[in-house]
Amino acid sequence: MAVLKFLFLLSFCMVVRTENAHIQERLFLRSLGLLSRPRPSAHGPVPSVLWKIFKKAEKRRELDACTVPEYGVKGNIVRYLLDQGRVITDSSSGCPACVEHHLYFNMSALEDVEQLSLAQLEVKFKHDSFPATRKDLAFNMHIYGVVRSALKGMAHEPSRRLLLSQSVEFTPGTIRVNLTDLAESWRRPGKNYGIVLALQATRLSNELDQNCKAEITDQGHMEMPELIASLVVVSLNPQQCGSRKKRSAYYLPVTPSNVCKPRRLYIDFKDVGWQDWIIAPQGYVANYCHGECPFPLSESLNGTNHAILQTLVHSFDPKGTPQPCCVPIKLSPISMLYYDNNDNVVLRHYEDMVVDECGCR
């Protein structure tokens, strides 16, 4: 009977501990701006510019958490939103030779508190999706903002307005278009209908021109190379904006002492099962504060006037008055690369992640 009671209590304690761990995980994820633990279905490539920003932040001693120099705007969060749209196969526009793509980017990833600084459309052609003999093409590119979606069962197409029209070459480079104002309107409920990207071949050799005309006559539109579209979104969370110095707390000396000071603590994201959605860093030195605040408090213990008086009273009445607590008084930030709940790659700057100095409070 006693054994059964012990096993019951043990299982109960394990359930309570697991539930407490889930609660703590939810609270921490919420502080990271995530509603739930990301479980990416695919680990897409990390854009090179995000690696560049991340590595630069790791090397700098001064971190300006309020700007992203690579884009020249204010911000502490950079997201690469994936296109969730489709190729339009039944367009009734006045351009039968155009291939149209409906591009849609989910802006709900941004929190209400975030201030949108930049939304930049990036389009790349997949060169391996088109015959080498046709890579001397150029295109007329038209971008339309969709202001009303087409209703199911209705013959009319979505209402649209022209945002940009330009000629582009079929090159390895990236086409970039600033859509900040439009993306800001997408944040309002029921206003995000996306955009339409229309491409039309404009420059061909004589021989290929005849083939193109035949294709347009027989198929209604010309075959086009595949493209990859994403929306780079830079935003500023003012609640996590600050400029702090990175100190030498990453290399704290290990010395035996009971006095209040930073102690080395390395957090490995694999230990908590987060290695599948956190890209970098794989872990970091967070440190923690531990030790006594003895009387008399020396200047090195960074005690407040209240703490000094409390230690004085404690020296006379150790049972009735506790010592001050050893707590962090200076912290520094880190940057993190991770996949969010929609498989988007996010670079985010987080304040107060590393304990640099401790004090008695």
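Things to note:
- Using a cut-off of 24 Å between Cα atoms, the listed pairs Lys52/Lys124; Lys74/Lys126; Lys270/Lys330; Lys56/Lys126 include Lys74/Lys126; Lys270/Lys330; Lys56/Lys126 as exceeding that distance.
- Length available on full extension from Tyr266 to His290: 0.36 nm per residue minus the Cα-Cα distance, which gives 7.1 nm.
- Accessible area (Å², 1.4 Å probe, nearest 10) - Met107: 10
- The stretch between Arg86 and Asp181 holds 31.9 nm of extra length on full extension. This uses 0.36 nm per residue minus the Cα-Cα distance.
- Of the whole protein surface, Ser300 contributes about 90 Å² of accessible area at a 1.4 Å probe radius.
- Neighbourhood charge, 12 Å Cβ-Cβ cut-off, centred on Cys260 and excluding it, Lys, Arg +1 and Asp, Glu -1: +1
- Accessible surface ranking for Ser165, Ser41, 1.4 angstrom probe, highest first: Ser41, Ser165.
The values are calculated or read from the model by the stated rules, or taken from the named source; none is laboratory data. It should be emphasised that the depicted structure is a prediction, and the values quoted were computed from it without experimental measurement. Heads up, the Cβs are rebuilt from the backbone with ideal geometry, glycines too, and the neighbour counts pull from every protein chain shown. These accessible areas exclude ligands, DNA and RNA; they are computed on the full protein's heavy atoms, side chains included. Shrake-Rupley method; radii C 1.70, N 1.55, O 1.52, S 1.80 Å.
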